[in-house]
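In what follows, a structure is listed as structure tokens, so that the remarks can point back to it.
Each value in this text was obtained by applying a stated rule to the coordinates, not by laboratory testing. None of the values given here were measured: they were computed from a predicted structure. Heads up, the Cβs are rebuilt from the backbone with ideal geometry, glycines too, and the neighbour counts pull from every protein chain shown.
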Amino acid sequence: MSRTSRKSKVIPKAQPPQNAAIFAQDLNFTYNPKSPFAKHALADINLTVGKGEFVAIVGHTGSGKTTFVQHLNALIRVQSGNLFVLEQDLAAKKPDLKKLRQNVGMVFQYPEYQLFADTVLADVCFGLKNFGIDKEQRQTMAKDALELVGLEFDKIKDKSPFDLSGGEKRRVALAGVLAMKPQILVLDEPTAGLDPRGKSEVLSLVKKLNVEQGVTVIMVSHDMNEVYENANRVIVFRDGMIAYDASPRELFRLESEIESMNLEVPAMAAFCNELERNGVRIPDKCKTVDEVLAATLWQREARNV
């Protein structure tokens, strides 16, 4: 686990480590610079995310997490410091934004609000068309994406997006991003507003993309239970800086410090912490009810041998 603070030393531009999906070096950003309303949103962010990681980014409102992720496909341009995404230098004067945005898919909070076309197929094909992909290939890629998110292509392609359920709309919006086959998927509160079933479906899909296809996932979330159950690594932003960078189990053992940042300790993490306070050591990889129960029973049997 690492805890970082702001540094004043300027480090010469370095090349990203091998197999890095994201490499930030002394990344700073100020809104309304040189004005009375200036706000320093990012302060010397140094961070490496490897290809294929599932990283959750958390923090209270105004902590800098959204500003950071909007840098990843150049919605916000680098103002100070260095940032490489899939080895592309985003601090360069003219980065290849078309290539970047083909490889970094962004799914914003309530993405279904961005659905607009007459049919599901037209909506999913919209981004593909903008990137110059021909009609026949667009339809094939859209079909693959819709089936990937669990929707039957022939049944849904001609429907209006506005006639779908909330969960279906969310999956159609996600299909529009996945159709580009991004190497990095950035999700901003991906389950906001969904019922429990819809949340489970979306998170299962994201986990499947990460595990089976090696897609690097960056998920911004306020739901610590979702973070705990799905991410392999959690980065906590506080006042524009990285306060903690740890595995979910390591991080949520720090109950008092987590709560001091106005974040909740996940229910399973709190349960495991209580077990550990009573002498039952839970392996860090055990995060679900079944995994924790199995670990507890194994230790009980081992003591009775």
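Observations on the model:
- Sorting Tyr110, Tyr31 from the fewest to the most surrounding beta carbons within 10 angstrom yields Tyr31, Tyr110.
- Convex hull volume of the Cα atoms of segment 202-285, normalised per residue: 100 Å³.
- Among Lys65, Lys34, Lys181, residue whose mean-square fluctuation peaks in a GNM of the chain (springs only between Cα atoms under 10 Å): Lys34
- Part-to-part distance (alpha-carbon centres) for segment 212-273 and segment 173-194, which is given in Å: 20 Å
- Pairwise label distance in nanometres, Lys155 with Glu229, each label 7 Å out on the Cα-Cβ vector: 2.4 nm
- Whole-percent P(r), segment 233-277, all Cα pairs, 10 Å bins from 0: 28, 57, 14, 1.
- For the listed peptides 236-246, 149-159, a ranking on the average number of other beta carbons within 10 Å per residue, highest first, reads 236-246, 149-159.
- A compact globular protein would have a Cα radius of gyration near 2.2 N^0.38 Å; the ratio found for segment 266-305 is 1.10.
- Extending 7 Å from Cα along the Cβ direction at Asp134 and again at Ala117 yields two label points whose distance is 1.8 nm.
- Which labelled figure in [x] 313; [y] 165; [z] 213 is volume of the Cα convex hull per residue in Å³, once derived from the coordinates: [y]
- Percent of beta bridges antiparallel (DSSP, segment 20-265, rounded to nearest 5): 55 percent
- Under 5 Å, built H, 5+ apart or other chain: amide partners of Met219: Val55, Ala56, Ile57, Leu187
- Cβ-based exposure ranking for Ile45, Ile133, in which fewest neighbours within 10 Å come first: Ile133, Ile45
- Look at Asp123, Asp284 and count the other Cβ atoms within 10 Å of each Cβ; fewest to most, that gives Asp284, Asp123.
- Charge dipole of the chain (Cα centre as origin; +1 on each Lys and Arg Cβ, -1 on each Asp and Glu Cβ, all else neutral): 1060 debye, rounded to the nearest 20.
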